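Take a look at the structure set out below.
The values are calculated or read from the model by the stated rules, or taken from the named source; none is laboratory data. Please read these numbers as outputs of a predicted model, since none were measured by experiment. Virtual Cβ from ideal backbone geometry, glycine too; neighbours counted across all protein chains shown. Ligands, DNA and RNA are stripped out before the accessible areas are found, and what is left, the full protein with its side chains, is counted by its heavy atoms. Shrake-Rupley method; radii C 1.70, N 1.55, O 1.52, S 1.80 Å.
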Amino acid sequence: MTTDNDGAKTGCVNWGIVGTGDISRSIASDMGLVKGANLRAVASRSQERAVTAAQEFGADRGCSFAELVDAHDIDAIYIGTPHATHRSLAIAALNAGKHVLIEKPVGLNGSEVREIASVAAARGLFAMEAMWMKFNPLYRQLKEEIAAGAIGDVMSVRASFGIPFPKDVGSRWSSELGGSTLLDQCIYPVTLALDILGLPTSIAAIGTMRPDGIDTRQHVTLEFPEGRYAQLAASMVEFVEPTASISGTTGWTTMSFPFWAGRSYSTTRGSKLFEPSVVKANFAGYGYSAMLEAVNEAIKSGDLEHSLHKWSEVFAVFEVLDEIRSQMNGVGPADIVRARK
Ligand SMILES: NC(=O)c1ccc[n+]([C@@H]2O[C@H](COP(=O)([O-])OP(=O)(O)OC[C@H]3O[C@@H](n4cnc5c(N)ncnc54)[C@H](OP(=O)(O)O)[C@@H]3O)[C@@H](O)[C@H]2O)c1
């Protein structure tokens with residue numbers, strides 16, 4: 001943004017990416033669709049993977065994380081690594097003066113999340129959890145319709161994200177790396193419920209926690225003022241229909257799979273039960289560009305957070321996630337990572 005040496009572009013946000021996995025690949029590709037975003041470097045724990053990924057992702061160079069945070073031509077860093085690494089990478093990047101966009105879950109628990117937010121605020125830097133669902137144009141349209149009264153007074157949310165992960169491979173099955181269906185999948189239904197219904201008054205959760213601290217499934221009831229409620233479920237060991245619905249006094253709306261990356265929704269109103277109206281989206285790329293564009297603009301404007309996904313909202317989500325974990329009688333990933341240090 002402010003630099004103009006060696007290919008860094010003035011007027012653009014010059015980005016670095018940490019991690020060379022699938023999500024970084026998709027983010028890099030969608031970043032290519034964002035005007036004013038300039039992908040400069042990809043960091044990996046291996047120099048070879050960094051160079052290969054940089055070539056594949058269209059970045060100028062591959063490097064180590066230490067080189068990335070020290071680089072003068074990098075304004076902002078996207079962190080696409082396993083959950084348990086987010087806190088330390090984000091804080092190191094912020095302390096080096098870089099804005100950060102951190103994959104969900106932004107931390108392992110509420111205290112990590114608050115720590116990242118407070119370092120960002122103290123440094124005067126932009127930081128955000130990459131909760132792309134909230135930036136999805138179709139989701140934003142749906143919220144506008146609901147606010148305009150399309151289904152009357154909203155009374156309940158039902159949302160689930162159950163998709164089995166390939167067994168025993170990858171960071172999702174590592175307690176040290178933060179493996180957890182709560183943090184990986186349930187975070188979307190919880191974020192949706194709070195975004196639509198506000199702050200819950202009570203939380204009741206049941207789930208399965210392995211002895212190593214990896215939670216594999218849960219179902220949750222949240223209650224809200226005036227009799228409103230949310231029923232949420234997640235699983236990394238079985239399918240639980242990955243759709244969502246929002247119901248009100250005059251109808252309901254159903255967000256098709258994958259509800260967190262809205263491609264279509266249908267609205268059914270009381271007098272036309274068999275004639276739902278369907279809205280479909282057509283977007284380029286993998287669906288991350290709306291978020292990337294919004295973050296890019298926020299950084300250019302000097303904002304420290306984005307109004308579509310404020311820190312206060314993330315704190316509220318993590319209060320719910322922490323309470324769900326405690327009701328599952330679980331030692332969570334954060335405790336395991338701490339205990340092994
Ligand atoms: N928004 C979405 O749609 C979406 C989708 C999938 C995942 N995610 C999130 O993205 C994050 C990464 O998920 P993933 O499945 O891509 O993870 P992953 O494949 O296990 O790891 C991603 C990359 O992180 C680096 N890495 C692995 N272990 C590391 C460690 N101990 N320390 C530092 N870097 C490490 C590796 O790159 P190098 O070996 O090159 O260092 C790896 O390729 C998670 O937080 C997940 O929740 C989001």
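A few points about this structure:
- Hits in the stretch 166-200 (condition: farther than 18 Å from A130 by Cα, modelled with pLDDT of 95 or more and β-branched (V, I, T)): I196
- G162 falls short on exactly one of the conditions (1) open to solvent by 30 Å² or more (accessible area, probe 1.4 Å); (2) within 16 Å of the ligand (Cβ to nearest atom), and that condition is (1).
- Neighbours by Cβ (under 9 Å, 6+ apart or cross-chain): first from the stretch 15-26, farther than 17 Å from G97 by Cβ; second more than 9 Å from the ligand (Cβ to nearest atom) and in a loop (DSSP other than H, G, I, E, B): I17/A59; S26/G285
- Given (1) under 12 Å from L192 (Cβ atoms); (2) in a strand (DSSP E or B), index of the condition T208 fails: (1)
- Residue check, I299 out of contact with any Ser or Thr (no Cβ under 9 Å at 6 or more places or on another chain), modelled with pLDDT of 95 or more and over 22 Å from A121 (Cβ atoms): no
- Strands (runs of 3 or more DSSP E) fully within the stretch 213-289 that include at least 1 residues being farther than 19 Å from A147 by Cβ: 215-224, 228-235, 264-269, 277-280.
- Single unsatisfied condition, W252 versus (1) more than 24 Å from S312 (Cβ to Cβ); (2) in contact with a Pro (Cβ under 8 Å, 6 or more places away or on another chain): (2)
- Of all residues in the stretch 110-156, those being more than 16 Å from the chain's Cα centre (by Cα), part of a helix (DSSP H, G or I), among the small types (G, A, S) and surrounded by fewer than 21 Cβ atoms within 10 Å (Cβ to Cβ) number 5.
- Scanning the stretch 262-275 for residues that are modelled with pLDDT under 95 and either buried (at least 16 other Cβ atoms within 10 Å of the Cβ) or under 28 Å from L33 (Cβ atoms) (or both) yields G262, R263, R269.
- Any hit, the stretch 51-58, residues being under 19 Å from G170 (Cα atoms) and either of a type in the set (S, T, N, Q) or touching a residue at least 24 places away in the same chain (Cβ under 8 Å) (or both): yes
- Every condition in (1) under 16 Å from P189 (Cβ atoms); (2) modelled with pLDDT under 95 holds for R228 except the one numbered (2).
- Within the stretch 191-224, the residues that satisfy the criterion of being open to solvent by less than 50 Å² (accessible area, probe 1.4 Å) and small (G, A, S) are A193, G198, S202, A205, G207, G213.
- The criterion of at least 1 residues that are under 25 Å from L183 (Cα atoms) and either more than 9 Å from the ligand (Cβ to nearest atom) or open to solvent by less than 20 Å² (accessible area, probe 1.4 Å) (or both) is met by the following strands (runs of 3 or more DSSP E) wholly inside the stretch 32-107: 37-43, 76-79, 99-102.
- Any chance A233 is open to solvent by 10 Å² or more (accessible area, probe 1.4 Å) and either basic (K, R) or farther than 30 Å from D168 by Cβ (or both): no
- The stretch 279-319, subset open to solvent by 60 Å² or more (accessible area, probe 1.4 Å), under 15 Å from R263 (Cβ atoms) and not small (G, A, S), residue nearest to the chain's Cα centre (by Cα): Y286
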